[in-house]
Amino acid sequence: MRTPTGLKYAKTDEWIKVEGDEAKLGISDYAQDQLSDVVYVEFMVDVDDHVSKGDAVATVESVKAASDVIFPASGTIVAINEDLADAPEMLNSEPYEGGWMVKMVLDDPSDLDEMLEAEEYEAYNEEREG
Amino acid sequence: MTEATIYELSQPGRRGFKFPQLDVPLSAVPEEFAREEIHLPELSEQDVIRHFTNLSQLNYAIDSGFYPLGSCTMKYNPKINEVLARLPGFANTHPLQPIVSVQGNLYLMYQLQQWLQEISGFHRVSLSPAAGAHGEFVGALIIKKYHQVNQDTKRVKILIPDSAHGTNPATSSMSGFEVIALPSDARGNVDLEALKAECDDTLAGLMLTNPNTLGLFEENVVEVIQLVHNAGGLVYGDGANLNALLGMMRPGDVGFDIMHFNLHKTFSTPHGGGGPGSGPVGVSKALAEFLPSPIVTIIEEGNDDIPPFFGFYYPEQSIGRMKAFYGHFGVHIRAYTYIAMQGPEGLRDIAEKAVLNANYLMTKVKQDYYLPYDRSCMHEFVVEGVWDEIPDVHALDICKRLMDYGFHPPTNYFPLIVHEALMIEPTETESKQTLDAFAKAMAAIAKEAREDPTLLTKAPYTTPIGRCDEVKAARDLVLCCYIPE
Amino acid sequence: MFTPHTPQEIDEMLKVIGVDKIEDLFQSVPEKRRFPKLDIPAALTEMEVAAELNEIASANASTDDFISFLGAGAYDHYIPAAVDMLLRRGEFYTAYTPYQPEISQGTLQSIFEFQSLMTELTGMDVSNASHYDGATAAAEAANMAYHIFRGKRKKVLVSRAVNPQYRETIRAYMQGQEDVLVIGDEEESSFAEDTQKLIDKIDQDTAVVIVQYPDFFGRIIDYTKLVNIAHEFGALVTFIFNPTALGLLKPPGAFDADIAVGDGQPLGIPLSYGGPYLGIFTTKEKYIRKLAGRLVGETVDEKGNRAFVLTLTAREQHIRREKSTSNICSNQGLMALAATIYLSLLGKNGFKQVANLCYQKAHYAAEQIANLEGYDLAFKDTPFFHEFVIKTSKPVDQINLHLQNHWILGGYDLSQAYPELDHHILIAVTEKISKEDIDDFVAALEEVAHD
């Protein structure tokens, strides 16, 4: 299970990577493994929407489940990964790279302080498995 | 083994069914509306008969074998039901005929309403909902309207046990309620403390399945209902598991306010490969005026010489009309016939034998499969389809392997609160021999799992097709036949 | 009655379980509620129940006894013998929902074929495996539109020329969403400019406009302008169609409808006093994920054989639970099979033929009746399919009573649902009606006018 450092993780399995002014968001390797083969991603937001922490980003559908991806921080959407429409399986194969979901400008970068570092998230996963 | 599609069998120019020639002068069809072409198949009657006959033989059905699907009550469908539902005097009546010309239909529906009321202890029944989920929707809307009429607008919460069928929370959402899941305790009952915590003035109601989806009778049912009532809420009963209660207990007697029936489960009407069902709803006296319209009633009482005159009435505070016409009349006829052939003793016998069969099978099956709630069950029970020491084998694999033994698998992955759940409901129409054969197969499969797990993970081997690529089905969506130009 | 247990078997089973008697298994039922006395009649044998039901059925008069001109949402069409023969096969009607594809290919493939036929019929992209009936399908269309806009658009605009029972059902369904308004049909109308008046009501808050084609009065209306304007405002358009009509007329897809729903009862399903019927639900590809109900898709098995499975199940209630857009579980599987068999038997030519027969006979009847004194065609310049409205000089109930004495079922008295249409009767003509039947009908109508 990959858990790259330099990213922040939520207990609800989203990750955020700060890149300059923007923050990129996606789901973790652990999450995609739980879902198994993703067949569809339905975004609940559009570019320029303002979202609050706790709002739904998207619903990710696999053959056996449909899970909601939640915003761990508030901000404004600047980009949505259109590639996921044709290739939802990228969430499985590249959850941290080509499988990014949205880019946003955060309202308050300190929202991220509540999130977990890579090692903390790994430990949390081990706890869940046990 | 695959069968061609109707489009693949089609031959341009082949003519099957014909109507008589036109016997009136021709009127032109306005060109702006005339259809250019319609691509329907061109087949002979024998093509059609062979095609669908061959397709039917790829199916497993109750008529071919045992179907222990928990929560579905796959009991034997009596053939007399099929014959009587097809009587032309029923089948050829138009729903808008003057009521004086359909007194037979109205009499039958009225009697069925009365019998369902008597069986369940409810004050009034509407036969109109088309299926269980439809009946649930009716129930949720009745709860909503009841509180609205009482101007109790704070009541937005519906409580639903975590073991509930997915239609329960889906229905509640559709009705504009907030869904709160209630955990189950170690004995499989609704957790009373969790329930008490939610009993306040924001509580609209509780949806309860009894027996629940673990096949267990809710041991605190009276207290649970009282708690909700004391908080001003209503209790909705999901009647999917009524088979265990026929002649045993009437839900209305213990305080349920509303309940839906599944005629296609409890009352032997066929499942049809996915419907049609029928989901009548029964309510207490306080809720009678909220039922969906219309309901059959006696317009003029009869006497010794003249039968009563039946018609429709539209309850004053009805939630409205939930579908066209009066419900699935064709299904009502079947349920009527069934109840008429059971009588009070027969109904009680159904519950007794359903529960007997389930406990017998449970006693045998739990020897090889973990039973998380080890107490006397009602008409169904749930085991785990997994063994800690055999990580490669899951409930799904056991199900697939059962097909090679000639059985339809039980319900799997439901209820959600049991890990790798296998929900088994034998029903009362199965013989001891069938149950023994099934238990034997389950034991054999458990043995195979220990000795050669791949036998399960690659099963089934003897069915018309093998395991399907469901990911491909969802990713490369093909929802229609290819139609050659 | 159908429990096979012998006394000896019961004893053996009780021993295995470890209880003395069956009653011991019901200890958890509250004692004072256990084993209630049920006041229902004693059991009848099969022979007795058959006699009873025959007697009940004989208290009815049916379309076998009358010549029927009743339509208004349920139609008396001929059902080929092969349909019911196949429906009686236990492998079809006693099968369950096809959750285990390996042993349900019969059901799955026939649903797949149903979906194909429905998309072809309507000219839409995708069909689900069925809905309860036309009314609930229309209500689900409103529900679906509401969810597509995520609740941001609150208006459901419905034409008053839509079947009244369907409009009631839409309202009943949408009452769960408190902020939704179902409007557009409340005011009495002369039905002269009703489509334009509906168009005038479309705005940015409209989620969907719902029209019927042909409408409840049988009229064939060109909704091209309505669709264009609705789309300009970003609203969806739902057509409620009659399937037989689509054998002759341009389908909803050709008008760029977003959703097309209807009742498939005319496709090989008996009148059966109103049910079970068949809800047909079709839509554009882009709305597939919002589509309620089951979907069958094509795939392959491990050996590469073509196979059919239920797909996109993650949308459904058993997975999405409170987040699913609809709660539908059982649908109308066997009725969808009936429609599939019916259309396969009739095929391209048979289906075009039945549509044309209905159209032609209805037009002959309309002309003959309109020529009578005291009877006028209500919507003179509007084309119609197989139903039309006659304005009468005598009260409709008087006319219908007279007709009944001649063993004719007259049309539907429109004043029952439209106060502004007093003295108006809706007449339907199907392929089962012969020219002689129509002439008898006309003669009987003429008699009434002279009473």
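Run down B:LEU112, B:LEU108, B:LEU116, B:LEU58 and say which single residue is under 20 Å from B:TYR336 (Cβ atoms), modelled with pLDDT of 95 or more, hydrophobic (A, V, I, L, M, F, W, C) and in contact with a Pro (Cβ under 7 Å, 6 or more places away or on another chain).
Working: B:LEU112 fails: in contact with a Pro (Cβ under 7 Å, 6 or more places away or on another chain); B:LEU108 fails: in contact with a Pro (Cβ under 7 Å, 6 or more places away or on another chain); B:LEU58 fails: under 20 Å from B:TYR336 (Cβ atoms).
Testing whether each residue is under 20 Å from B:TYR336 (Cβ atoms), modelled with pLDDT of 95 or more, hydrophobic (A, V, I, L, M, F, W, C) and in contact with a Pro (Cβ under 7 Å, 6 or more places away or on another chain) leaves just B:LEU116.
A single entry from C:LYS201, C:LYS154 fulfils the requirement of being among the basic types (Lys, Arg), at pLDDT 95 or above and under 22 Å from B:SER175 (Cβ atoms): C:LYS154. Within the range B:167-189, the set of residues being in contact (Cβ under 8 Å) with a residue 24 or more places away in the chain, within 19 Å of B:PHE137 (Cβ to Cβ) and not aliphatic (A, V, I, L, M) comprises B:THR167, B:ASN168, B:THR171, B:SER172, B:SER175, B:GLY176, B:PHE177.
Filtered by the rule that a residue be modelled with pLDDT under 95 and in contact with a Gly (Cβ under 6 Å, 6 or more places away or on another chain), the range B:136-185 gives B:MET174, B:SER175, B:GLY176. Taking every residue in the range B:124-135 that is more than 7 Å from chain C (Cβ to nearest Cβ) and pairing it with any residue that is surrounded by fewer than 24 Cβ atoms within 10 Å (Cβ to Cβ) and assigned to a loop (DSSP other than H, G, I, E, B), at least 6 positions away or on another chain, the pairs with Cβ-Cβ distances below 7 Å are B:LEU127/B:TYR326; B:SER128/B:TYR326. Which residues, taken from the range C:125-159, are in contact (Cβ under 8 Å) with a residue 60 or more places away in the chain and in a loop (DSSP other than H, G, I, E, B)? Answer for the range C:125-159, where residues must be in contact (Cβ under 8 Å) with a residue 60 or more places away in the chain and in a loop (DSSP other than H, G, I, E, B): C:ASP125, C:ASN128, C:ALA129, C:SER130, C:TYR132, C:ASP133, C:ARG153. Scanning the range C:335-352 for residues that are in contact (Cβ under 8 Å) with a residue 60 or more places away in the chain and either surrounded by fewer than 24 Cβ atoms within 10 Å (Cβ to Cβ) or within 30 Å of C:GLU446 (Cβ to Cβ) (or both) turns up just one, C:LYS352. The set of residues in the range B:209-244 being free of Cβ contacts under 8 Å to residues at least 60 places away in the same chain, farther than 20 Å from B:LYS145 by Cβ, buried (at least 24 other Cβ atoms within 10 Å of the Cβ) and among the hydrophobic types (A, V, I, L, M, F, W, C) consists of B:VAL221, B:VAL224. Within the range C:65-87, the residues that satisfy the criterion of being surrounded by fewer than 24 Cβ atoms within 10 Å (Cβ to Cβ) and more than 7 Å from every other protein chain (Cβ to nearest Cβ) are C:ASP65, C:PHE66, C:ILE67, C:HIS77, C:TYR78, C:ILE79, C:ALA81, C:VAL83, C:ASP84, C:MET85, C:LEU87.
Mind checking which residues of the range C:67-103 are touching a residue at least 60 places away in the same chain (Cβ under 8 Å) and of a type in the set (A, V, I, L, M)? Result: C:ILE67, C:LEU70, C:ALA72, C:ALA74, C:ILE79, C:ALA82, C:VAL83, C:LEU86, C:LEU87. Going by the structure shown, is B:CYS399 free of Cβ contacts under 8 Å to residues at least 40 places away in the same chain and surrounded by fewer than 24 Cβ atoms within 10 Å (Cβ to Cβ)? It is false that B:CYS399 is free of Cβ contacts under 8 Å to residues at least 40 places away in the same chain and surrounded by fewer than 24 Cβ atoms within 10 Å (Cβ to Cβ). Within the set B:THR363, B:THR427, B:THR411, the sole residue that is within 8 Å of chain C (Cβ to nearest Cβ) and β-branched (Val, Ile, Thr) turns out to be B:THR363. Within the range B:430-485, the set of residues being farther than 30 Å from B:ALA4 by Cβ and among the acidic types (Asp, Glu) comprises B:GLU430, B:ASP436, B:GLU448, B:GLU451, B:ASP452. Filtered by the rule that a residue be facing chain C (nearest Cβ under 7 Å) and under 18 Å from the mean Cα position of the chain (by Cα), the range B:64-115 gives B:TYR67, B:LEU69, B:CYS72, B:MET74, B:TYR76, B:ASN77, B:PRO78. B:ASP152 meets the conditions (1) more than 25 Å from B:HIS264 (Cα to Cα); (2) in a helix (DSSP H, G or I); (3) out of contact with any Leu (no Cβ under 8 Å at 6 or more places or on another chain) in every case but one. The failed one is (2). Which residues, counting only those in the range C:390-448, are at the interface with chain B (Cβ under 10 Å from one of its Cβ atoms) and more than 24 Å from B:VAL24 (Cα to Cα)? Of everything in the range C:390-448, those that are at the interface with chain B (Cβ under 10 Å from one of its Cβ atoms) and more than 24 Å from B:VAL24 (Cα to Cα) turn out to be C:ASP397, C:ASN400, C:LEU401, C:GLN404, C:ASP413, C:GLN416. Listed by position, the helices (runs of 4 or more DSSP H) contained in the range A:72-130 that have at least 3 residues being modelled with pLDDT of 90 or more are A:90-93, A:118-129.
In the condition set (1) touching a Leu at 6+ places or on another chain (Cβ under 8 Å); (2) within 12 Å of chain C (Cβ to nearest Cβ); (3) closer than 20 Å to B:LEU214 by Cβ, B:LEU182 is compliant with all but (2). Of everything in the range B:19-40, what is free of Cβ contacts under 8 Å to residues at least 24 places away in the same chain, in a loop (DSSP other than H, G, I, E, B) and at the interface with chain C (Cβ under 7 Å from one of its Cβ atoms)? Give them in sequence order. Within the range B:19-40, B:PHE19, B:LEU22, B:ASP23, B:VAL24, B:PRO25, B:LEU26, B:SER27, B:VAL29, B:PRO30, B:ARG35, B:ILE38, B:LEU40 qualify.
On inspection, B:GLU428 passes the criterion of being of a type in the set (Asp, Glu), assigned to a loop (DSSP other than H, G, I, E, B) and touching a residue at least 12 places away in the same chain (Cβ under 8 Å).
I'd like to verify a number: residues in the range B:311-359 that are of a type in the set (Phe, Trp, Tyr) and touching an Asp or Glu at 6+ places or on another chain (Cβ under 9 Å), how many? Selection size over the range B:311-359: 1.
Across the range B:335-380, the qualifying residues are those that are basic (Lys, Arg) and either assigned to a loop (DSSP other than H, G, I, E, B) or out of contact with any Leu (no Cβ under 8 Å at 6 or more places or on another chain) (or both), and the one among them that is modelled with the lowest pLDDT is B:ARG375.
From the list C:PHE281, C:PHE255, which residue is under 30 Å from B:VAL179 (Cα atoms), more than 7 Å from chain B (Cβ to nearest Cβ) and at pLDDT 95 or above? Lay out the reasoning, then the answer.
Numbers: C:PHE255 fails: under 30 Å from B:VAL179 (Cα atoms).
Sole residue among the options that is under 30 Å from B:VAL179 (Cα atoms), more than 7 Å from chain B (Cβ to nearest Cβ) and at pLDDT 95 or above: C:PHE281.
Could you please let me know if B:ARG50 is more than 9 Å from every other protein chain (Cβ to nearest Cβ) and at pLDDT 95 or above? Yes, satisfied.
Applying the condition of being surrounded by fewer than 24 Cβ atoms within 10 Å (Cβ to Cβ), small (Gly, Ala, Ser) and more than 14 Å from B:LYS145 (Cα to Cα) to the range B:272-301 and asking which residue is modelled with the lowest pLDDT yields B:SER293.
For residues that are facing chain B (nearest Cβ under 7 Å) and among the polar types (S, T, N, Q), scanning just the range C:28-64, find the one that is surrounded by the fewest Cβ atoms within 10 Å (Cβ to Cβ). Per the criteria, the residue is C:SER58. Against the conditions (1) assigned to a loop (DSSP other than H, G, I, E, B); (2) buried (at least 24 other Cβ atoms within 10 Å of the Cβ); (3) touching a residue at least 40 places away in the same chain (Cβ under 8 Å), C:ALA355 satisfies every one except (1).
The values are calculated or read from the model by the stated rules, or taken from the named source; none is laboratory data. This is a predicted model, so every value here is computed, not measured. We place every Cβ from the backbone using ideal geometry, glycine too, and count neighbours over all the protein chains shown.
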